[in-house]
Amino acid sequence: MAAPLPTFVTRRRPDWDALQALLTRQRAGRLSLAELRTLDTLYRRAAADLARAQTFYPGTDAHRFLNQLCARAYGAIYQPPRERWASTRDFFRRDFPATLRREARFVGVSAGLLVLGLLLGALVVTLEPRGAELLVPEGVRRYVAQGRMWTDDLLSVAPPNAVASGIATNNLTVTLFAFASGILLGVGPIFTLVNNGVLIGAVGALCFREGMAAGFLDFIAAHGPVELSIIVIAGGAGLMVGQALIDPGELPRAQALQARGREAVKLVVGCAPFLAGIGFVEGFISPGHLFPTWAKVGLGLSLGALFWLYLLRAGRADAGVAREDVPDAMASSRLR
């Protein structure tokens with residue numbers, strides 16, 4: 001004889017609830033290997049319960065609930081491997097911009113540190129002319145003293161592709177250091193952001209003081225908005241790593257670092273193709289006088305606006321469609 005339906009539900013309900021909880025964690029990518037084994041075990045038990053419900057309790061809420069639960073578990077356990085291109089597309093369409101929006105406070109602090117450096121560098125050189133000797137590289141000061149931009153000879157020394165490659169490598173080094181140095185309790189990203197800001201502010205102030213503001217703008221206009229945005233995002237990723245070490249919350253420090261580091265890596269990886277693209281702009285378009293200043297300014301503003309429009313808007317509609325409903329307490333209470 002089959003047990004009464006309320007008795008069956010009461011006896012098996014803890015396993016069903018545990019399976020639901022594991023499926024929710026699996027969807028967020030937070031399961032350990034031991035939990036994956038438990039998930040498989042609970043799924044097999046739920047499948048046996050479904051077979052029992054089909055035999056003794058067909059058409060009931062318990063039967064329908066178990067059917068949905070087993071279908072969800074089957075899809076989670078036996079889902080086919082995703083194609084690499086589809087995974088990459090989904091990452092840039094949803095994961096990268098969504099991660100940046102979730103971690104906007106760290107990116108905002110990073111931007112504030114860069115702006116602080118810009119102001120400090122500009123103020124020091126403006127208020128104390130000898131400050132340029134400390135903050136501006138000697139080679140740049142020598143060109144400015146001659147009334148020339150240090151970028152004027154870039155394309156005559158090396159072909160544009162070599163210049164773009166070198167610039168992209170340098171930008172990648174700065175970006176990776178801003179992120180990886182977060183392991184130094186966040187001090188590394190703070191130093192990188194403020195230091196880069198001071199350098200740019202000091203060089204800009206020196207050019208302005210020597211009547212070369214137009215040349216400085218001509219060089220940085222095309223690539224500056226996106227390049228500085230990427231440095232800010234990488235700095236925000238480094239601050240996330242530092243924050244996990246300083247304040248891990250309720251998690252052990254190693255687990256907090258792993259969880260926050262995974263999110264931070266998404267920001268750095270997401271910036272990589274944009275960093276390569278802006279290196280091309282900086283190598284082929286920014287130096288020299290092949291393109292007029294107004295075209296460079298227009299290009300830089302357009303690229304910067306499109307970059308941030310993508311980051312702030314991409315994937316919002318998909319996130320709403322992809323959200324999966326989980327039976328609430330009231331709905332599941334009807335099983336009894």
Open item on the list: Being free of Cβ contacts under 8 Å to residues at least 24 places away in the same chain, open to solvent by 30 Å² or more (accessible area, probe 1.4 Å), under 27 Å from A98 (Cα atoms) and not in a loop (DSSP other than H, G, I, E, B) is the filter here; which residues of region 10-45 pass it?
Closed with: A21, R25, L33, E35, L36
Task: Unique residue being charged (D, E, K, R) and part of a helix (DSSP H, G or I) when the list is E250, E227 - done: E227
TODO: For region 46-75, enumerate the residues that are assigned to a loop (DSSP other than H, G, I, E, B) and open to solvent by less than 60 Å² (accessible area, probe 1.4 Å).
DONE: Y57, G59, T60
Task: Matching residues in region 136-150 - criterion: being open to solvent by less than 70 Å² (accessible area, probe 1.4 Å) and either under 36 Å from the mean Cα position of the chain (by Cα) or polar (S, T, N, Q) (or both) - done: V136, P137, G139, V140, M149, W150
- [ ] Exactly one condition in (1) within 30 Å of A51 (Cα to Cα); (2) modelled with pLDDT of 95 or more; (3) not aliphatic (A, V, I, L, M) is not met by P81; state its number.
- [x] (2)
Task: Residues satisfying the stated conditions in region 180-224, i.e. in a helix (DSSP H, G or I) and acidic (D, E) - done: D218
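One line per residue, one yes/no per condition, for (1) in contact (Cβ under 8 Å) with a residue 12 or more places away in the chain; (2) open to solvent by 50 Å² or more (accessible area, probe 1.4 Å); (3) over 20 Å from the mean Cα position of the chain (by Cα):
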| site | (1), (2), (3) |
| --- | --- |
| V269 | yes, yes, no |
| F274 | yes, yes, no |
| P287 | yes, no, yes |
| F291 | yes, yes, yes |
| W294 | no, yes, yes |
| L309 | no, yes, no |
Open item on the list: Looking for something in a helix (DSSP H, G or I), of a type in the set (D, E) and modelled with pLDDT of 85 or more - is there at least one such residue anywhere in region 299-319?
Closed with: no
Open item on the list: Can you tell me which residue is farthest from S181 (Cα to Cα) among those in region 86-124 that are surrounded by 19 or more Cβ atoms within 10 Å (Cβ to Cβ) and in contact with a Pro (Cβ under 9 Å, 6 or more places away or on another chain)?
Closed with: L113
TODO: Would you point out which residue out of A47, A2, A62 is touching an Asp or Glu at 6+ places or on another chain (Cβ under 9 Å) and farther than 30 Å from Q255 by Cβ?
DONE: A62
Task: A222 more than 29 Å from Y143 (Cα to Cα) and at pLDDT 90 or above - done: no
Task: Any pair with Cβ under 7 angstrom, 6 or more apart, that starts in region 193-208 at a residue that is under 12 Å from L123 (Cβ atoms) and ends at one that is assigned to a helix (DSSP H, G or I) and polar (S, T, N, Q) - done: A205/T126
- [ ] Using the structure shown, decide if G166 is modelled with pLDDT under 95, surrounded by 12 or more Cβ atoms within 10 Å (Cβ to Cβ) and of a type in the set (G, A, S).
- [x] yes
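The values are calculated or read from the model by the stated rules, or taken from the named source; none is laboratory data. Please read these numbers as outputs of a predicted model, since none were measured by experiment. Note: ideal-geometry Cβ built from the backbone for every residue, glycine included; neighbour counts use all protein chains shown. Protein only, heavy atoms only, side chains kept; ligands, DNA and RNA dropped before computing areas. Shrake-Rupley method; radii C 1.70, N 1.55, O 1.52, S 1.80 Å.
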